[in-house]
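Let me begin by presenting the structure, written as structure tokens, before commenting on it.
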Amino acid sequence: TDLRPLDILSEVVPAGAPVRGMRVFQAQGVRGFQLAASRPRALGFPASRLFIHCDRFPEEFSIIVTLRVLGVPAKRNEYIFTLMAEESPGVLVGLRYAPDKLHFLFWSQERAGGWQTRVTFPDVSLSDGQWHTLVLAVSGQSFSLTVDCSIPKDVVVETPFPASLSVRRASFYLGNRRRRKGVFTGLLRQLVLLPGADATPRICTSMNFKVATLSVPPILQDVPVKPASNEVLKYPYETDTKVTLGSRPRCTQQEKAQFWFNASRRGLYLCNGSTWVSMLEVKHRLDYVEEYQNLVTNSETMGIEVFTIPKVGLFAATANRMTPPGSAIYKWTDGKFVPYQNIPTYQAQSWKYFTIGKKVFLAVANFEQNERGQEFSVIYKWSRRKAKFITYQRITTHSARDWEAFVIEGEAFLAVVNHREGNNHNIDSVIYRWNPRTGLFETNQTIPTSGAYDWEFFTIGPYSFLAVANTFNGTSTKIYSHIYIWLSGSFQLFQSILVRLAYCSRVPLRVYMSRLVSRSPSPQTFGAADWEVFRIGDRVFLAVANSHSYDSGMPAPSNFYAINSSIYELNITAQMFVKFQDLLTYSALDWEFFSVGDDSFLAVANSFDGFTFSVNSVIYRWQGYEGFVAAHHLPTVGCRDWEAFHTPEGSYLLYSSAREPLSKVLKLKTT
């Protein structure tokens, strides 16, 4: 049946303005009601205003709540809402929150006198100062809670929800149980009762799960970032707006309505929930690229990593081929990179900078054995006392190409790409989990890979993904590159490139995904060397760099290296990545996404055209409907890696050459 949502929150403000005991407050760009404990009865209304034709509570229903919980003291409960009969202290229906728990209460009258049943959902952590949307679905003895469209928590109890619960002479109370004790101290944005249906599929349709909306009072609905005229706000509200200084911060729904002041560009920006909107600035657009610094390296450079150590400075680590002298770390000093530290490496391929708490680490992927015939990649830790990186942990690897560091559910992980062992390219790559007790990385999982080059971690909504660029299986570069999804403590094969997202299915998630995988086509990659995930506004893209096309069982093409690299876009409606654009590249080894002002760019590292390593790499500009259009052709020699970085003096690109001991810093000149 197509039953309408019953907006409990809107009934408390029927005239369009909050009653006494309520204030409109904006946090992280989202508005909600803040309730006062002094007048709990004023925050109520008769249930007959919702149940006009029937005085019975629905037997099956969903309750949708969007809230922002502040810190709740231990052993304290706060009520989100209650339904109570007149002159009776018992709660007919209610929802209350305790630290890390959510309780659903209902009154069963099947026995003489009746009794109250409490359904508890453990491990529900909401006290993080963020917005969250909860969907509680009730049907008989089954109770299901979905938080931010993640995997549902299901509870089955002995006592079913009553089939005929009378609401005659009962009232709803917002944020309390008709007394001051236990009043909700956070912010409420949405409180909706949906009879006869599971609301999860209706709620989980957008990328912003934390503030997903079914019905919100008009006073809490968004207004344009820039009013059309000098109009006065129809509904005044308070807000926790602040101004951030320094480098460009992130802009998500959590930062909505926050300001950022960029001193170097003399600009003031407002976050609209996805991008920074210019309120006052000197507009910058990329005009041209100029050579800024020739960075002489120890030897040919296979990869670079630019990073900032807080309160120390900006650094660049080069992964150099020759041993000795190994690889080097450079520090940005007086507008240039200068040598800072040499580290012994063995045909280093890449570096990865990451932090765990206050600890700062730098991991190198070594391709060859050391002097003793041992094959290790090494994790270095920043020593504040010595002001340099020192050896922290050695990990056995096999022709390692890349490290990827990421955090899932508060736990730190480090994934290594093993390229080959001897002549065998079909080997396992390894994911390590940080053990806080031992202070070391320990093996968590192995994943089969084929001559792999790169890992790329990314998240979409509540899901975490890890994409691998498989390059060569021993006979062909025309192979599948896979994407894995984190489920139940490990990564599981999800699909090759085309990723369908089971956002809101009531079918068990793992079963649903296996169905999707079995019926979805799987495009192939051609010597995939790199994945790059990036976002433009609300759109999510995934770009693959294809290096060469070779198959021992097929006739040789006219050019192994002049092939298309592809960009895929996440299609929310179809819940899958679909090919968005092909770009002709020449043994592409890396993509780098960056922005200048309001413009977005994608730089490709072209390394070899089949005849020479002196080949132009290209910067593509985002042109909306046209996609990415070539804007700048940059002469490079065996280009292996791009890194974009910003300083107070401007924006730069750093590229590494795998054919000569010279990398270059390029400055982006703007108008």
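The values are calculated or read from the model by the stated rules, or taken from the named source; none is laboratory data. Nothing here was measured: the structure is a model prediction, and the numbers come from that model. Don't worry about glycine lacking a Cβ; one is built from the backbone with ideal geometry, like all the others, and counts go over all protein chains shown. Quick note on the areas: whole protein, heavy atoms, side chains included, nothing else; ligands and nucleic acids left out. Shrake-Rupley method; radii C 1.70, N 1.55, O 1.52, S 1.80 Å.
General remarks:
- Any hit, the stretch 67-88, residues being open to solvent by less than 20 Å² (accessible area, probe 1.4 Å), among the hydrophobic types (A, V, I, L, M, F, W, C), farther than 13 Å from Gly175 by Cα and part of a strand (DSSP E or B): no
- Looking only at the stretch 334-370, residues that are free of Cβ contacts under 8 Å to residues at least 24 places away in the same chain and more than 21 Å from Thr301 (Cα to Cα) come to 5 in all.
- Pairs with Cβ under 7 Å, 6+ apart, first in the stretch 285-314 and farther than 17 Å from Glu643 by Cβ, second loosely packed, with under 12 Cβ neighbours inside 10 Å: Arg285/Thr671; Asp287/Thr671
- Test: Glu569 is at pLDDT 95 or above and open to solvent by 20 Å² or more (accessible area, probe 1.4 Å): no
- Residue check, Leu145 in contact with a Phe, Trp or Tyr (Cβ under 7 Å, 6 or more places away or on another chain), assigned by the TED database to the domain that holds Ser88 and modelled with pLDDT under 90: no
- Checked against the criterion of being among the β-branched types (Val, Ile, Thr), in the same structural domain as Val364 (by the TED database) and either closer than 21 Å to Ser600 by Cα or modelled with pLDDT under 95 (or both), the candidates Thr323, Thr297, Thr318 yield just one match: Thr323.
- So Tyr340, is it buried (at least 18 other Cβ atoms within 10 Å of the Cβ), touching a Pro at 6+ places or on another chain (Cβ under 7 Å) and in a strand (DSSP E or B): no
- Test for Arg437: is it among the basic types (Lys, Arg), at negative phi and in contact (Cβ under 8 Å) with a residue 12 or more places away in the chain: no
- Residue pairs whose Cβ atoms lie under 7 Å apart, separated by 6 or more positions or on different chains, with the first residue in the stretch 572-589 and at negative phi and the second among the charged types (D, E, K, R) and part of a strand (DSSP E or B), are Phe577/Glu569; Val578/Glu569; Phe580/Glu569; Leu589/Asp530; Leu589/Arg640.
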